[in-house]
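The values are calculated or read from the model by the stated rules, or taken from the named source; none is laboratory data. Just so it is clear, the model here is predicted, and its values are computed rather than measured. Counting neighbours? That spans all protein chains shown, and the Cβs are built from the backbone with ideal geometry, glycine included.
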Amino acid sequence: MTQYLPFEKPIEALAAQAAALRARPDGAEEAAMLDERADRLLADLYARLTPWQRTLVARHPDRPRFEKLTAGLFSDFLPLAGDRRFGDDKAVIGGFARFQGRRVMVIGHVKGEDTATRIKHNFGMARPEGYRKAIRLMDLADRFGLPVITLVDTPGAFPGIDAEARGQAEAIARSTEKCLSLSVPLIAVIIGEGGSGGAVALAAANRVLMLEHAIYSVISPEGCASILWRSAAQAADAAEAMKVTAGDLLKLGVIHRIVYEPKGGAHRDGPETIKRLALALRNELDGLSAMSAAELRREREEFFLRLGA
């Protein structure tokens, strides 16, 4: 069953009316007309989403996340656990895989699919051992000459006392440094939320791609509103001001490419989203594979030094 977002209430009402009509022997034709009307309304609505509405879409509980995207994009995925220093962080998962016949290293944030798994994966908020695991996996990729693909989906790194005690800021900085120093291609995809340094630590890449309705920012809209207006109620205003959407970030030169989602968002058609993302990844890998290690490092450095200039 589709879970409708608050701004989708008119579509939900039409869908309910159509379902009631289909239950009647003579209601099929009228139900089909309502379905067509709802489909047009959906397309029109998603063509003019506000930044805050896109934020809600990025957080939709049915949005395809790391597990579903990995299963659809890659074969022979072999997850590797632990940072070899403290433990295994379930908010960051990664390992060897094959992408359309190519050997790659896949790393990403895992938010979880329901209450139990969200708690298990800490809602995608990694502790230092998660970023140190990512560093370890990127080192392995560098050693074996494997491209790295990261799937970024986090509200931010975990801000708890235990994470700070184990060196959260240092771990994020080291992970970002490792991204920039890799001798192999690195492609990052913002698939949902790209929050703060917790996202950048896996996204200092040769190519930063963004799903159309994902968001990417230094802080959540609620966090920004709490600081500026002392109230999270103005999150919509904050989202507008912060330029969190893929379209805004492409214009600002913060990302390289938008991967457009099916009508009504990725949560309405996961297989089509995977198909479009696979095509984008293949095109980017084809282009990057011809570059030398020095060219890859120099391109990353120049791209990130240009930001804000």
Could you list, in sequence order, all residues of region 256-309 that are among the aromatic types (Phe, Trp, Tyr), in a helix (DSSP H, G or I) and touching a helix residue (DSSP H, G or I) at 6+ places or on another chain (Cβ under 8 Å)? Phe304
Going by what's in this entry, would Gly194 be described as outside any loop (DSSP other than H, G, I, E, B), of a type in the set (Gly, Ala, Ser) and either under 20 Å from Leu281 (Cβ atoms) or not assigned by TED's automatic domain parsing to the domain that holds Ala293 (or both)? yes
So which of Val259, Val244 is under 11 Å from Glu212 (Cβ atoms) and of a type in the set (A, V, I, L, M)? Val259
Residue within region 58-81 that is in contact with an Asp or Glu (Cβ under 9 Å, 6 or more places away or on another chain), buried (at least 18 other Cβ atoms within 10 Å of the Cβ) and β-branched (Val, Ile, Thr) present: no
Which strands (runs of 3 or more DSSP E) sit wholly inside region 54-164 and have at least 3 residues that are acidic (Asp, Glu), under 22 Å from His267 (Cα atoms) and in the same structural domain as His213 (by TED's automatic domain parsing)? none
Filtered residues of region 40-53 (kept if assigned to a loop (DSSP other than H, G, I, E, B) and of a type in the set (Ser, Thr, Tyr)): Thr50
Name every residue in region 157-181 that is among the aromatic types (Phe, Trp, Tyr) and closer than 20 Å to Ala294 by Cα, in order of residue number. none
Within region 255-268, how many residues turn out to be at negative phi and buried (at least 22 other Cβ atoms within 10 Å of the Cβ)? 3
Ala235 fails exactly one of (1) among the aliphatic types (A, V, I, L, M); (2) surrounded by fewer than 16 Cβ atoms within 10 Å (Cβ to Cβ); (3) in contact (Cβ under 8 Å) with a residue 40 or more places away in the chain, namely (2)
